[in-house]
Amino acid sequence: MKKLIIIFAIVAVAVSGKAQTTWSFDNAHTSVKFGVSHLVISEVEGQFKKYSGKVVSKSDEFIDANIDFTIDVNSINTDNDMRDKHLKSDDFFNAEKFPNITFKSTSFKKVSGTKYLLEGDLTIRDVTKRVKLDVIYNGTVKDPYGNVKAGFKITGSVNRFDYNLKWNNLADAGPVVGKDIKLDIDVELKKQ
């Protein structure tokens with residue numbers, strides 16, 4: 001009986017030790033960029049410079065991985081101080097009252113080959129909506145220092161009006177700022 005208990009304990013430890021892997025975001029090799037139309041004829045791009053998060057996966061293919069990600073709204077950068085200040089105001093993000101944008105995954109499914117579909121709850125200001133994002137899994141490698149890294153390209157779009165980013169001045173050609181925000185996120189994860 002004692003041997004049977006020891007065997008069950010060993011199996012339980014082996015299974016629990018293999019159950020999940022935690023990955024952190026490598027901020028030096030990750031970028032969170034966005035773009036939006038301006039005056040209908042061009043596009044303004046920007047990025048967030050500060051963010052944090054983790055990914056917990058149960059497989060090397062990241063299927064059904066759990067993803068938590070937080071963006072510091074005050075780190076927004078469009079290479080124009082006046083525009084950045086406006087984006088932090090109540091016309092858009094209201095960074096003083098809502099300093100973070102958060103994302104919590106609900107599913108991460110392989111579509112085919114290296115293509116995945118990421119779904120989750122995106123919270124901007126005080127609004128949470130379910131979003132779907134396209135993901136390309138670029139693979140997993142070991143860097144020159146022995147760290148295991150995984151890379152992803154995430155794209156999609158969100159309607160800013162869904163999140164109360166309400167400023168909507170009009171010009172002759174149409175809206176000064178478009179409603180759809182294109183997301184372009186390059187992620188490098190580091191295995192913990």
(request) Could you please let me know if Asp68 is over 15 Å from Val158 (Cβ atoms), out of contact with any Gly (no Cβ under 6 Å at 6 or more places or on another chain) and surrounded by fewer than 19 Cβ atoms within 10 Å (Cβ to Cβ)? (result) no
(message) Restricting to the range 94-117, give me the number of residues that are closer than 23 Å to Gly178 by Cα and over 17 Å from the mean Cα position of the chain (by Cα).
(response) 3
(message) among the charged types (D, E, K, R), at pLDDT 95 or above, touching a strand residue (DSSP E or B) at 6+ places or on another chain (Cβ under 6 Å) and surrounded by 15 or more Cβ atoms within 10 Å (Cβ to Cβ): which single residue out of Lys132, Lys104 fits that description?
(response) Lys104
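The rows are residues; the columns are (1) farther than 21 Å from Gly35 by Cα; (2) over 13 Å from the mean Cα position of the chain (by Cα).
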{"position": "Glu119", "(1), (2)": "no, no"}
{"position": "Asp134", "(1), (2)": "no, no"}
{"position": "Val148", "(1), (2)": "yes, yes"}
{"position": "Lys153", "(1), (2)": "no, no"}
{"position": "Arg160", "(1), (2)": "no, yes"}
(message) Filter the range 45-72 down to the residues that are without any contact (Cβ under 8 Å) to a residue 60 or more places away in the chain, assigned to a strand (DSSP E or B) and hydrophobic (A, V, I, L, M, F, W, C) and list them by number.
(response) Phe48, Val56, Ile67, Phe69, Ile71
(message) Checking the conditions here, which among Asp184, Asp79, Asp84 is more than 30 Å from Lys58 (Cβ to Cβ), among the acidic types (Asp, Glu) and surrounded by 15 or more Cβ atoms within 10 Å (Cβ to Cβ)?
(response) Asp84
(message) So Ser24 ticks every box in (1) outside any strand (DSSP E or B); (2) at pLDDT 90 or above; (3) not β-branched (Val, Ile, Thr) but one. Which box is left unticked?
(response) (1)
(request) Assess whether Lys142 counts as being farther than 20 Å from Thr70 by Cα, surrounded by 13 or more Cβ atoms within 10 Å (Cβ to Cβ) and out of contact with any His (no Cβ under 7 Å at 6 or more places or on another chain). (result) no
(message) I'd like to check something: does the range 179-187 contain any residue that is touching a Lys or Arg at 6+ places or on another chain (Cβ under 7 Å), free of Cβ contacts under 8 Å to residues at least 60 places away in the same chain and either part of a helix (DSSP H, G or I) or of a type outside the set (Lys, Arg) (or both)?
(response) no
(request) Determine which single condition Val36 fails, assuming it passes every other condition in (1) surrounded by fewer than 14 Cβ atoms within 10 Å (Cβ to Cβ); (2) within 19 Å of Asn164 (Cβ to Cβ). (result) (1)
(request) Collect the residues in the range 104-121 that are assigned to a strand (DSSP E or B) and without any contact (Cβ under 8 Å) to a residue 40 or more places away in the chain, keeping them in residue-number order. (result) Lys104, Thr106, Val111, Ser112, Lys115, Leu117, Glu119, Asp121
(request) Check off (1) of a type in the set (D, E, K, R); (2) more than 18 Å from Lys33 (Cα to Cα); (3) touching a helix residue (DSSP H, G or I) at 6+ places or on another chain (Cβ under 8 Å) for Lys88 and give me the number that stays unchecked. (result) (2)
(message) Given the criterion under 21 Å from Val56 (Cβ atoms), small (Gly, Ala, Ser), part of a strand (DSSP E or B) and free of Cβ contacts under 8 Å to residues at least 60 places away in the same chain, identify the matching residue among Gly156, Gly139.
(response) Gly139
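The values are calculated or read from the model by the stated rules, or taken from the named source; none is laboratory data. Owing to the predicted nature of the structure, the values given are computational and were not obtained by experimental measurement. In this analysis, Cβ positions are derived from the backbone assuming ideal geometry, glycine residues included, and neighbour counts consider all displayed protein chains.
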